[in-house]
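The next block holds one structure in the form of structure tokens; read it before the comments.
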Amino acid sequence: MRFLPLALALLALPSTARAQADGASTPKVAVVDVRKLMDGSARILAVTDQMKKEQTDMQAELEKIQNEVKQNMTMLEGLDPRGKLARGIREKVVQLQALHDFKVKAWNEEIAFRVQTAEKELYNEALGIIATYAKEKGIGLVHKVDSGPIKDQETEHVDRRIDGRGVLYIDPALDITADILKLLNEKFAAEKK
């Protein structure tokens, strides 16, 4: 399945060669690095900054719960572990730890949802900007690429990253990522006004 894009590209070669032989102009080709769009997007950075601010509040709330757990654990010292008071304190500790775990899980889900939503919106917006840009510049094909080497710290899903790369080399002159990123960020800045 991973060779399908290559096979389709090879099938297109004869028609391209025929068009050149007939004197027809070959459509321009360009590439966009979607990862660079995501990393450099003012929209994504705004979401990330907002979440960092909210994370400070969440950490304070979680620390408050942890401190309450510690206070209750301190109160348990010296009590008869079978006594009613000790049992009540242990129940309170279990409830506090469950609340802490729930808040952490809910926060992580919220982060994932907001980042995915922002990335989806950016991607869909980028598609429109890319189409307009390509038409204006006479570009007939814009290919999505993932450029650059796989970094040492990127250990998860390396096989997917390798399989997902349909292009192994790009002439930098074909890369329109910076232009698209500039247009996306200008549009975001205009929306914020």
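Numerical summary
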{"quantity": "Amide H contacts under 5 Å for ASP175, placed H, 5+ residues apart", "calculated": "VAL31"}
{"quantity": "Ranked order, THR48, THR74 - accessible area, probe 1.4 Å, largest first", "calculated": "THR74, THR48"}
{"quantity": "All lysines inside 21 Å of LYS120 as judged from Cα atoms, apart from same-chain residues fewer than 8 positions distant", "calculated": "LYS36, LYS52, LYS144, LYS182, LYS187, LYS192"}
{"quantity": "Value of relative contact order over segment 46-98, rounded to a whole percent, pairs C-alpha under 8 Å and six or more apart", "calculated": "36 percent"}
{"quantity": "Segment MET58-TYR123, extension gain: residue separation times 0.36 nm, minus the distance between their alpha carbons", "calculated": "20.5 nm"}
{"quantity": "Radius 10 Å from Cβ of LYS144, net charge of other residues (Lys, Arg +1; Asp, Glu -1)", "calculated": "-1"}
{"quantity": "Per residue accessible area in Å² of segment 25-99, where ligands, DNA and RNA are left out and the probe is 1.4 Å", "calculated": "68 Å²"}
{"quantity": "Chain lengthening between GLU91 and LYS28 when straightened (0.36 nm per residue, less Cα-Cα)", "calculated": "15.8 nm"}
{"quantity": "Calculated FRET efficiency for the pair LEU99/LEU79, C-beta based, R₀ 35 Å, to 0.05", "calculated": "0.95"}
{"quantity": "Lys, Arg +1 and Asp, Glu -1 on Cβ, resulting dipole of segment 31-77 about Cα centre, debye, nearest 20", "calculated": "280 debye"}
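The values are calculated or read from the model by the stated rules, or taken from the named source; none is laboratory data. As the structure is a prediction and not an experimental result, all values here were calculated from the model. Here Cβ is always computed from backbone atoms with ideal geometry, including for glycine, and neighbour counts include all displayed protein chains. Note: areas computed on protein heavy atoms with side chains; ligands, DNA, RNA excluded. Shrake-Rupley method; radii C 1.70, N 1.55, O 1.52, S 1.80 Å.
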